[in-house]
Every structure is written in structure tokens, then in C-alpha cells.
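The values are calculated or read from the model by the stated rules, or taken from the named source; none is laboratory data. Note that this is a predicted model, so its numbers are computed, not measured. Ideal geometry is used to build each Cβ from the backbone, glycine not excepted, and the neighbour counts take in all protein chains shown.
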């Protein structure tokens with residue numbers, strides 16, 4: 001098959017991931033750095049997994065420096081508020097992202113994984129965001145796809161942009177503006193972004209420097225699932241979990257989630273240049289999916305660690321919702337209400353360890369934090385934490401429970417770390433979680449089995 005016009009588009013199944021481990025190295029063709037277009041009608045079930053494409057510009061190493069995880073928007077009328085998608089047809093959507101590291105060449109990854117219709121992007125721009133809401137700093141750079149301004153991604157497909165030259169600075173806000181087709185609808189999002197984003201009036205406002213046309217706010221991410229830098233550091237950490245990793249109850253717009261705090265801690269420490277990615281989904285569970293809270297971690301884990309270039313370490317904090325959702329929540333978004341045991345969760349963790357090691361990724365497991373649980377559920381949490389602290393099978397332990405619990409009442413969060421709901425940490429609590437991550441575990445060889453004592457500072461390796 002000869003070269004087809006356009007960017008590389010990967011068709012994927014909305015509900016079944018194709019594991020792929022990228023080493024971040026790709027050859028760039030001479031002209032516009034395309035990857036081969038693979039349409040479902042032409043390629044059938046074939047998925048491109050080879051990260052090398054013939055070209056004369058040599059090898060480019062890509063490292064993902066920002067990411068978010070999408071979830072399908074439930075199509076039901078019986079769900080609670082907050083599940084309805086905004087109208088985006090013919091409008092420009094401007095999203096604010098904070099990369100964990102900088103670089104001088106970037107590319108965006110767009111996903112239509114859960115889309116029921118084609119994604120039509122008529123114009124896209126990338127720029128540094130000004131301090132005031134959706135305003136932009138100079139310059140505003142046009143993003144192209146296979147040399148074209150337009151991008152059309154079929155349902156279930158994904159695409160990379162062409163490389164974009166810009167002076168990207170870590171921990172600073174950047175705006176991605178997508179002018180959408182006249183019939184575009186929103187079928188998937190990252191529901192709790194802890195970030196205010198913007199929707200314009202009808203029309204192409206992708207190059208608008210001010211935010212006058214962006215009167216509608218929303219607190220989700222959509223379509224843009226990652227940002228990568230060229231020839232950056234090869235190392236990355238991905239945090240995978242539920243609302244506590246997602247940063248629920250942290251201050252919106254200030255990036256106070258614990259992975260953000262970990263990224264800042266690494267920057268201050270200065271010994272390791274390392275990207276930190278966030279794959280938390282509020283309401284997520286280890287073993288069960290649901291309409292409102294996305295695929296289970298067991299189902300999405302291999303995709304999360306495989307689809308982001310440079311990931312060497314995964315930190316998993318998941319399981320509290322498996323315990324809590326055994327009973328019906330106030331609204332029925334958590335189906336199925338599966339009864340789980342500590343043994344069920346431990347078996348799930350073991351599967352994650354196996355998947356991580358198949359991809360040569362070290363897996364650190366975090367202890368489950370206090371959640372104001374009834375006695376029988378608290379007993380299950382303690383049993384799970386005892387297993388996690390034993391270090392059986394994982395490459396290390398992050399004792400989030402020890403960092404957050406009240407020493408006098410270990411079943412509860414420390415008052416100064418409690419956001420007020422007795423489950424989610426405050427900004428100070430999220431900072432304490434980041435401080436609990438032993439940086440030595442992030443640089444240790446992935447093959448080493450690290451004990452719980454190492455997580456608290458010991459250097460013994462078994």
C-alpha cells in the first residue's frame with residue numbers, strides 16, 4: 001500500500017485496548033514528520049505498533065510530559081447532574097494544560113476512543129496561556145496534522161499532530177484551542193479535570209489572544225490526551241488511580257493534585273529530570289467498570305503504561321471504591337455493586353504487577369488511605385494494606401496511608417489533611433502524599449524487588 005495523505009490515525013476499539021509499549025523513538029520523514037495513515041476500511045484489524053517510520057531526519061525520542069485519561073460520557077437520562085455534555089458544535093474549545101517538563105519541540109495526541117461520530121478539527125493552535133483565564137501569550141502557533149490544518153478522526157481512532165516548535169516550560173500553563181466542525185458532539189471526556197477550560201461562541205476563535213469570545217466554562221478535558229516533547233528525558237512516572245490521584249477537592253486551577261506536587265518536588269530536588277503523568281479517574285475501581293466512572297484499572301492499565309512514551313514507573317493507588325461501592329451510592333452511577341474481598345483486590349494487584357513487568361515498567365503500589373469506613377470495610381482496607389506493605393510481588397511500596405492518617409485515630413484522615421469530606425485530602429494532604437513517595441524507588445532498576453522497609457528509607461534489596 002502506498003503512502004496515503006494525512007496524519008497517522010490509529011483505529012482502536014472503544015472498549016478493548018491494544019497493548020503497546022513505545023520506547024519513544026521514531027524516525028521523522030523529511031517533509032512534515034508524518035506517520036502512515038491507517039484507516040479501518042483499508043487496514044482491517046491491523047494496528048500499527050512499530051514506532052519506527054522510514055525517514056531521513058534520524059531518530060527523535062519523544063517523552064510524554066502531560067496526559068489525561070478519557071472516559072465515555074454516559075448516554076442516559078436517569079443519571080445525576082454533571083453528566084451532560086456541553087454543546088461544542090461549530091465552536092472553539094480551549095483547554096489549559098500544565099506540562100511536567102519543557103522542551104523546544106512538542107506534539108499533541110488526540111483521541112476519539114469513545115466517539116460515536118467522526119472528530120472534525122478544522123483548526124488547532126497551541127500557545128502559552130496568560131494568567132487571566134483563557135487569554136493567550138505570544139506566539140500562537142498553528143498545529144498541523146500531516147501538513148494540513150484540518151484533522152478528521154474516525155470513531156475509535158487516535159492521531160498525533162506534526163511536531164510544533166515552541167519554547168515549552170515545565171509547570172507553566174499552555175492552551176490548546178480546537179475549532180470544531182459544525183456537527184461536532186462531545187462523547188468522551190475526563191470528567192473531573194480540576195481545571196477551568198473554555199468554550200467559545202460559534203466560530204473559529206483558535207487564534208484569539210483574548211478570551212472575550214470564551215464565555216462558557218467547563219471543568220473537563222476532552223480529545224487532547226497527551227503532550228510529548230522531542231529529545232527530552234527518557235524517564236517518566238505515571239500515577240494511576242481514582243479520585244485521590246485525580247485530585248478531587250484540590251484547589252481548581254492551581255495543580256495541587258499529588259502527582260503535580262511530586263513533579264514539583266522532583267524539579268526542586270534536581271537529581272532526576274522526570275516527567276510525571278496523571279491517569280487518575282474519579283470514581284474508578286480496580287476490578288469493575290461503570291457508566292460514570294470509566295473502565296476499571298485492571299482493564300485500562302496496560303494501555304495507560306504502554307501508550308505514553310518514556311514511562312518507566314507506575315504508581316497505583318486504587319481499591320477504596322471497590323470496597324465502598326459494594327453498597328449502592330446515593331445515585332446509581334456505580335453499577336455493578338460488586339461485593340469484593342481483600343483476596344479479590346490482592347489478586348487484581350498481582351495482575352497489574354504482571355502487566356507492568358511484561359512492559360518492563362516498575363510498579364509501586366500505594367496503601368489505601370483512610371476513608372471513614374464502617375468497621376467491616378475498614379477491616380478489609382487494613383488487610384489490603386498489610387499485604388501491600390509486605391512488598392509481595394511489587395517493586396516497592398508508597399505508604400500514602402501512613403502519610404495521611406491521624407496518629408491518634410488511624411482509621412481517619414489527619415484533620416489538617418482533610419478536605420472536609422473525610423475521604424479526599426486537602427491541598428496540604430496532597431502535598432504530604434507527594435512527600436511520601438521515596439524518590440529512590442523512581443530511579444532503582446525495574447527488575448529489583450523492593451521491600452516496604454526500602455520505601456521508608458532503607459537501602460536493603462532482596
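Summary of computed values
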item	result
In segment 137-155, the residues that are under 24 Å from the mean Cα position of the chain (by Cα), assigned to a strand (DSSP E or B) and under 17 Å from residue 94 (Cα atoms)	151
Options 303, 217: the member that is closer than 23 Å to residue 110 by Cβ and free of Cβ contacts under 8 Å to residues at least 24 places away in the same chain	217
The lone exception for residue 424 - which of (1) free of Cβ contacts under 8 Å to residues at least 60 places away in the same chain; (2) farther than 26 Å from residue 233 by Cα it fails	(1)
All positions within segment 129-143 that are within 19 Å of residue 223 (Cα to Cα) and surrounded by fewer than 19 Cβ atoms within 10 Å (Cβ to Cβ)	141, 142
Test: residue in segment 428-444 that is modelled with pLDDT under 95, in the same structural domain as residue 237 (by TED's automatic domain parsing), closer than 22 Å to residue 265 by Cβ and not in a helix (DSSP H, G or I)	yes
Unmet criterion (only one of (1) under 22 Å from residue 247 (Cβ atoms); (2) modelled with pLDDT of 95 or more; (3) buried (at least 20 other Cβ atoms within 10 Å of the Cβ)) for residue 173	(3)
Unmet requirement for residue 248, which otherwise passes all of (1) at pLDDT 95 or above; (2) outside the structural domain of residue 276 (by TED's automatic domain parsing); (3) in a loop (DSSP other than H, G, I, E, B)	(2)
The listed residue being assigned to a loop (DSSP other than H, G, I, E, B) and modelled with pLDDT of 95 or more, out of 89, 131	89
Test: residue in segment 265-278 that is touching a strand residue (DSSP E or B) at 6+ places or on another chain (Cβ under 9 Å), buried (at least 22 other Cβ atoms within 10 Å of the Cβ), more than 14 Å from residue 99 (Cα to Cα) and not assigned by TED's automatic domain parsing to the domain that holds residue 73	no
Entirely in segment 280-377, the helices (runs of 4 or more DSSP H) that have 3 or more residues that are closer than 25 Å to residue 438 by Cβ and in the same structural domain as residue 258 (by TED's automatic domain parsing)	297-306, 342-358
Single residue of 397, 384 found to be outside any helix (DSSP H, G or I) and either modelled with pLDDT of 95 or more or not assigned by TED's automatic domain parsing to the domain that holds residue 355 (or both)	397
Matching residues, segment 229-264, being crowded, with 23+ Cβ neighbours inside 10 Å and out of contact with any helix residue (DSSP H, G or I) (no Cβ under 9 Å at 6 or more places or on another chain)	229, 232, 236, 246
Unique match (being under 29 Å from residue 361 (Cβ atoms), part of a strand (DSSP E or B) and not assigned by TED's automatic domain parsing to the domain that holds residue 69) among 176, 237	237
